[in-house]
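Remarks on the structure that follows.
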């Protein structure tokens, strides 16, 4: 039997009374980071190089026609505003290409990336798609997207049809706004925000109880799916569809017109890429163990996107109902929140990644010289244990993998020799790969987000400035290997918990000893 641990909700209840005071605390996390390409293992015939470092939460990269790399800094839960750097990948030199205006910086949101097209950059910032012209002017193309929740409007790309595509993340974990969203810091600023379907849906009328984090913790409120916090729903209630849904893939013309939904029912379709044959693929982040409803062991997935399809969220994961025995006996609130499903049998993923590995950006190899032509390369950002996965033992993610779409097989490509983030396992390899993209030179570039630190004064997380980087993986002479050597995998999280517990116990014992001495002197 699994314990029902919901750390974000628990922290929300604990921190709520102190929030006005805690918001006054300003603690900027800065620091250097060690880099050592020898700590990253790749197949024979490939080499890893550090291109540039010192970024603040770099999330995405794209190239222009001249081979310049544009690196987007997210501004997410950071003390540094979002911006886009232009990087010379031959020298590592960089220059600020665009600074997001201060009034457009949404600290609980994120600038998630940009794509280059005919001299302009198209970027996604929290809930807006915009265009930055050659003269630096910012023009909004699509506004009012539901990106002010758990997930944002994700990075855009240009499709073979010349249209602009992007993934729109869900507002919540599994369709219901709860206390965990207060713990994620956005609910107090956006109390009416909730998930929005692409088509009319009929609810089952299930509601979930929470302490009133927007009012008095002594009160209990009931929240239903696709409704704001504290709003109960009824069986048979119809939630109208929108042209700006959450949990969907959208597209529009380059001027923002003809906005339409390509597919929906995806929790957080983070990375999009078109295969060489024109098929659209998307990575999806699996659900967390938090809130009024969750399952245990939901993997991240790679989907081939079929136009018009519904992929099952919030009542299915990986094409399997939440209340199916497949998910074991853990979790809670697993019954359907929809009375009628748009599709009784949503599409299954092409491939699945380890639970909580955070499958982010991806790109396809199109080069026989690099190898693995037609296969997808996916950046696995890594888990956020213990916040979203309190049962994690060994770190998952923190690497780049390749996927053969024809077989669904996932194979390591670039991994830390000691599995896990560099800062916690005392090496100089990857911290958190957020995106990977092939450059005009045929090499694979990996955007490394950098360090994430727990922010106990806020009951949340903050980004450590200056720890992001760009890596390059290129083909060398000689025969190419199939995969890197196996990494060393350590039970890091239990060790970390034991060390933290011992430090806390030692600190408490010291305080008690000092107090006893003070009392004894009186």
| field | Hey, residue 480 exposed (fewer than 11 other Cβ atoms within 10 Å of the Cβ) and either modelled with pLDDT of 95 or more or within 32 Å of the chain's Cα centre (by Cα) (or both) or not | value | no
| field | Scope segment 359-382; condition out of contact with any strand residue (DSSP E or B) (no Cβ under 6 Å at 6 or more places or on another chain) and either surrounded by 24 or more Cβ atoms within 10 Å (Cβ to Cβ) or outside the structural domain of residue 303 (by TED's automatic domain parsing) (or both); matching residues | value | 382
| In segment 408-429, which residues are part of a loop (DSSP other than H, G, I, E, B) and either in contact (Cβ under 8 Å) with a residue 24 or more places away in the chain or closer than 15 Å to residue 47 by Cα (or both)? | 408, 417, 419, 420, 421, 427, 428, 429
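Residue 154: in contact with a helix residue (DSSP H, G or I) (Cβ under 9 Å, 6 or more places away or on another chain) and modelled with pLDDT of 95 or more, yes or no? Lay out the reasoning, then the answer.
Working: in contact with a helix residue (DSSP H, G or I) (Cβ under 9 Å, 6 or more places away or on another chain): no; modelled with pLDDT of 95 or more: yes.
In short, no.
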| request: Would you check if residue 259 is assigned by TED's automatic domain parsing to the domain that holds residue 373, buried (at least 20 other Cβ atoms within 10 Å of the Cβ) and either over 30 Å from residue 292 (Cβ atoms) or touching a strand residue (DSSP E or B) at 6+ places or on another chain (Cβ under 7 Å) (or both)? | output: no
| note | Conditions (1) touching a residue at least 40 places away in the same chain (Cβ under 8 Å); (2) surrounded by 13 or more Cβ atoms within 10 Å (Cβ to Cβ); (3) part of a loop (DSSP other than H, G, I, E, B) -> residue 329 fails only (2)
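Looking at segment 36-63, which of its residues are part of a loop (DSSP other than H, G, I, E, B) and surrounded by fewer than 18 Cβ atoms within 10 Å (Cβ to Cβ)? Outline the logic, then answer.
Taking segment 36-63 as the starting set, the residues that turn out to be part of a loop (DSSP other than H, G, I, E, B) are 36, 42-45, 56-57.
36, 44, 45 - these are the residues of segment 36-63 that are part of a loop (DSSP other than H, G, I, E, B) and surrounded by fewer than 18 Cβ atoms within 10 Å (Cβ to Cβ).
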| query | Which residue, of 314, 336, is farther than 18 Å from residue 263 by Cα, in the same structural domain as residue 284 (by TED's automatic domain parsing), in a loop (DSSP other than H, G, I, E, B) and out of contact with any helix residue (DSSP H, G or I) (no Cβ under 8 Å at 6 or more places or on another chain)? | reply | 336
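Yes/no per residue for (1) under 28 Å from residue 260 (Cα atoms); (2) in contact with a helix residue (DSSP H, G or I) (Cβ under 9 Å, 6 or more places away or on another chain); (3) crowded, with 20+ Cβ neighbours inside 10 Å; (4) free of Cβ contacts under 8 Å to residues at least 24 places away in the same chain:
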position: 178; (1), (2), (3), (4): no, yes, yes, no
position: 192; (1), (2), (3), (4): yes, no, no, no
position: 232; (1), (2), (3), (4): no, no, no, no
position: 236; (1), (2), (3), (4): yes, no, no, no
position: 241; (1), (2), (3), (4): yes, no, no, no
| message | Suppose the filter is touching a residue at least 12 places away in the same chain (Cβ under 8 Å), surrounded by fewer than 23 Cβ atoms within 10 Å (Cβ to Cβ), more than 30 Å from residue 474 (Cβ to Cβ) and assigned by TED's automatic domain parsing to the domain that holds residue 267; does residue 102 pass it? | response | yes
| query | Taking segment 424-451 on its own, how many of its residues are in contact with a strand residue (DSSP E or B) (Cβ under 9 Å, 6 or more places away or on another chain), within 23 Å of residue 79 (Cβ to Cβ) and surrounded by fewer than 24 Cβ atoms within 10 Å (Cβ to Cβ)? | reply | 1
| query | Considering segment 351-401 alone, what residues qualify as being under 12 Å from the mean Cα position of the chain (by Cα) and part of a strand (DSSP E or B)? | reply | 359, 360, 361, 379, 380
| task | Report yes if residue 26 is exposed (fewer than 15 other Cβ atoms within 10 Å of the Cβ) and modelled with pLDDT of 95 or more, otherwise no. | result | no
| message | Cβ contacts < 7 Å: first residue without any contact (Cβ under 8 Å) to a residue 12 or more places away in the chain, restricted to segment 134-154; second residue buried (at least 19 other Cβ atoms within 10 Å of the Cβ), any location; separation 6+ or different chain. Result? | response | 139/130; 139/131
| field | The listed residue being modelled with pLDDT of 95 or more and within 30 Å of residue 180 (Cα to Cα), out of 78, 72 | value | 72
| said: For a quick check of your reading of the model, give me the residue pairs whose first member lies in segment 8-25 and is under 17 Å from residue 390 (Cβ atoms), whose second is in a helix (DSSP H, G or I) and modelled with pLDDT of 75 or more, with beta-carbon atoms closer than 6 Å and at least 6 apart or on different chains. | reply: 8/180; 8/183; 9/179; 9/180; 11/183; 12/179; 12/182; 12/183
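The values are calculated or read from the model by the stated rules, or taken from the named source; none is laboratory data. Just so you know, these numbers come straight off a predicted model, no measurement behind them. Virtual Cβ from ideal backbone geometry, glycine too; neighbours counted across all protein chains shown.
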